[in-house]
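Report on one structure; see the data block that follows.
Derivation of every value follows stated rules applied to the coordinates shown; laboratory data play no part. Worth saying up front: this structure is predicted, and the values here are computed from it rather than measured. Note that each Cβ is placed from the backbone with ideal geometry, even for glycine, and that neighbours are counted across all protein chains shown.
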Amino acid sequence: MKDNNETKRDDAYLSKSLFVRGVRCHKSLYLQKYRPELKDEVSEETEKRFAGGYEIGDLAQGLFPGGVLVPYDGLSHEKQLEMTVNLIAQGCQTIYEATFFYNGVFVKADIIHRGDGGWDVYEVKASTSVKDYHLDDASVQYYVMTGAGLPIYRVFIVHINNEYVRQGAIEVDKLFYKEDITTIAKDKQAFIVEEIARQRAMLKGDEPVIDIGPHCEQNYPCDFVGHCWSHIPSPSVFDFREIGKPDGFALCRQGIVKMEDVSPDILGWRQKFQLDGVLHQKNHIDQDAVQEFLDSLWYPMYYLDFETSMEAIPPYDGIRPYQQVPFQYSLHHTDQRGDELQHDEFLAMPRTDPRKELIEKLVSEIPDNACILAYVSGFEIARLRDLACWFPEHADKIEKIIENTRDLAAPFRNYHIYRWQQHGSYSLKNVLPAMLPEFSYDHLDVQNGGMAMDAYAAMNQTDDRAEIANIRKSLLEYCKLDTLAMVKIIECL
């Protein structure tokens with residue numbers, strides 16, 4: 001029987017995804033092949049990103065309709081390779097997920113199309129631009145496909161065109177932009193060959209000793225962060241927030257890992273507040289600045305919060321890819337100090353364009369003389385400006401709302417108020433429990449904007465009435481707490 005190390009030394013198999021992982025970090029590749037049980041749990045955000053990528057890939061096939069799919073599920077690698085060879089031999093012009101194997105490397109190409117000049121390769125990405133790792137992805141495909149005997153004429157990265165605006169049915173040729181990277185792919189072939197050799201040499205040995213670094217979060221978080229960062233205490237040098245924070249990796253290389261061991265002399269003024277909070281549980285308030293902020297507000301006072309969706313494929317007319325589209329709002333309000341608190345809200349029904357009903361209801365509920373408070377108001381203002389573009393008949397009223405909007409985050413962003421329990425963040429999710437410990441989002445099914453976005457997407461994908469009712473209840477509870485939180489914070493000030 002061979003020992004574990006000998007078994008590992010025999011395993012030289014690489015795939016496109018394994019190769020790209022190894023380019024980023026050899027240790028991540030090693031762990032993926034030999035210790036996959038150490039991976040972090042897949043987050044809902046990651047699952048959604050994968051699902052969105054599959055949807056984009058399927059839609060991009062419409063750039064070359066009528067092709068034949070080489071499925072991954074249900075076929076062995078050998079059968080996928082055999083099917084691809086047969087399709088090419090039969091004169092098939094377009095193949096989706098064509099499969100190739102060369103020198104121990106397995107790849108599936110999103111789209112290959114036989115044009116006038118020969119075979120073109122199209123690697124589809126859900127991003128709005130070409131990233132460095134996309135080039136490695138496409139270049140290793142070029143290496144394998146040409147090595148397997150398929151002459152490649154051109155190589156393209158296909159990505160989302162974020163200037164596209166939907167009008168009517170999705171125009172696939174306008175939604176996507178095809179960027180020719182043929183020259184880059186050819187120029188990277190020497191690197192591909194050398195890197196494959198480096199990865200295989202590494203895989204024959206023990207786990208490589210590679211320290212944590214910026215590569216752990218480059219482009220997207222590595223799924224071994226939980227393992228590789230397990231030795232980092234909390235709070236650490238990586239927990240400093242905002243502009244002026246020190247380089248955590250540089251401090252680590254000096255042997256400084258705990259936040260409490262950092263000298264205040266190297267910190268910005270914001271981080272000094274944070275360090276004081278950790279060391280001494282020290283709070284700070286600039287009462288004059290807070291009063292100046294309060295004096296800038298007036299009654300009637302309205303507290304506004306939007307929840308938005310953001311999709312790569314625009315769901316309705318007038319929308320760009322990844323444009324934030326409000327589907328919900330919460331609106332607490334009082335006419336005078338001490339008056340009973342009132343609440344209005346809106347949440348779109350599933351599978352309907354939310355924009356028209358939302359803005360008509362909102363402008364009818366906010367009087368012209370109201371002071372509107374939002375938390376990090378730039379977000380709400382940007383959504384209002386979009387709504388004004390979509391519905392110019394309400395532009396004047398929307399502009400008045402924007403003029404009267406004030407940012408409740410301002411005194412916290414400027415550290416006029418700082419509670420040590422904020423841990424350097426002025427996010428509402430940190431400020432609220434720091435100011436009012438009895439208030440929390442922890443008991444809610446939806447606890448942040450990302451979860452709200454996912455819940456809305458789930459509501460649009462189900463026909464189960466009970467599930468829809470539960471999701472609506474969760475979304476309404478969450479958004480209502482956001483504006484109630486603002487009310488309670490104003491009361492504290």
Checklist entry - What full-extension length gain, to one decimal in nm, is calculated for residue 311 and residue 263 as 0.36 nm per residue of separation minus the Cα-Cα distance? => result 12.9 nm
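Can you give the net charge of the other residues whose Cβ lies under 14 Å from the Cβ of residue 180, counting K and R as +1 and D and E as -1?
Local charge sum for residue 180: -1.
Please report the relative contact order for the chain, taking Cα pairs under 8 Å with a sequence separation of at least 6, and give it as a percent rounded to a whole number.
On the way: 750 pairs, mean separation 60.2, N = 493.
In percent, rounded to a whole number, it is 12.
Under 8 Å for C-alpha pairs, at least 6 residues apart: give me the relative contact order for the range 409-482, rounded to a whole percent.
Details: 51 pairs, mean separation 16.8, N = 74.
So the answer I get is 23 percent.
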Checklist entry - By its C-alpha gyration tensor, with a ≥ b ≥ c as the square roots of the eigenvalues, how is the range 266-344 shaped: rounded for a/c under 1.5, else prolate for a/b larger than b/c, else oblate? => result oblate
Next on the checklist: Can you classify the chain as rounded, prolate or oblate using the Cα gyration tensor, where a ≥ b ≥ c are the square roots of its eigenvalues, rounded means a/c under 1.5, and otherwise it's prolate if a/b beats b/c and oblate if not?
Outcome noted: oblate
Item to check | Farthest toward positive dipole pole in the range 102-242 [+1 Lys/Arg, -1 Asp/Glu at C-beta], among 106, 232, 133 | outcome: 106
Checklist entry - Ranked from highest to lowest mean number of other Cβ atoms within 10 Å per residue, what is the order of the peptides 31-39, 283-291? => result 31-39, 283-291
Next on the checklist: Multiplying the sequence separation of residue 448 and residue 42 by 0.36 nm and subtracting their Cα-Cα distance, what value in nm do you get?
Outcome noted: 144.4 nm
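Compute the signed sum of charges (Lys and Arg +1, Asp and Glu -1) over the other residues within less than 14 Å, Cβ to Cβ, of residue 394.
Values: positive: 355, 356, 361, 383, 385, 397, 400; negative: 357, 360, 365, 368, 386, 393, 396, 399.
That works out to -1.
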Item to check | Those aspartates and glutamates that a straight Cα-Cα span of less than 14 Å connects to residue 204, excepting residues fewer than 8 apart in one chain | outcome: 3, 6, 10, 11
Checklist entry - Could you give the distance between the Cα centres of the range 118-174 and the range 443-468, to the whole Å? => result 33
Checklist entry - Is the range 112-269 best put as rounded, prolate or oblate by its Cα gyration tensor, with a ≥ b ≥ c the root eigenvalues, rounded for a/c under 1.5, and otherwise prolate when a/b is larger than b/c, oblate when not? => result oblate
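Round to the nearest 0.05 the FRET efficiency obtained for residue 68 and residue 353 when R0 = 35 Å and r is the Cβ-Cβ distance. Provide the component values of the computation, followed by the final result.
Working: r = 36 Å, r/R0 = 1.02.
E between residue 68 and residue 353, to the nearest 0.05, is 0.45.
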Item to check | Equivalent-ellipsoid semi-axes of the range 4-203, from the Cα gyration tensor, Å, largest first | outcome: 28, 21, 17
Item to check | Peptides ranked, highest mean first, by Cβ atoms within 10 Å: ranges 454-464, 175-185, 416-426 | outcome: 416-426, 175-185, 454-464
Next on the checklist: Run lengths n ≥ 4 of DSSP H only: what is the helix-derived mean residue ellipticity at 222 nm for the chain, with -39500 (n - 2.57) per run over all residues, to the nearest 500?
Outcome noted: -13000 deg cm²/dmol
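Over the range 288-492, what is the mean sequence separation of C-alpha contacts under 8 Å (at least six apart), divided by residue count, expressed as relative contact order in percent?
Result for the range 288-492 is 23 percent.
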Checklist outcome for this item: D (µm²/s, integer) via Stokes-Einstein for the range 437-480, Kirkwood Rh across alpha-carbon pairs, 37 °C, 0.692 mPa s: value 304
Next on the checklist: Give me the dipole magnitude in Debye, nearest 20, for the chain about the Cα centre, with unit charges on the beta carbon: positive for Lys and Arg, negative for Asp and Glu.
Outcome noted: 1420
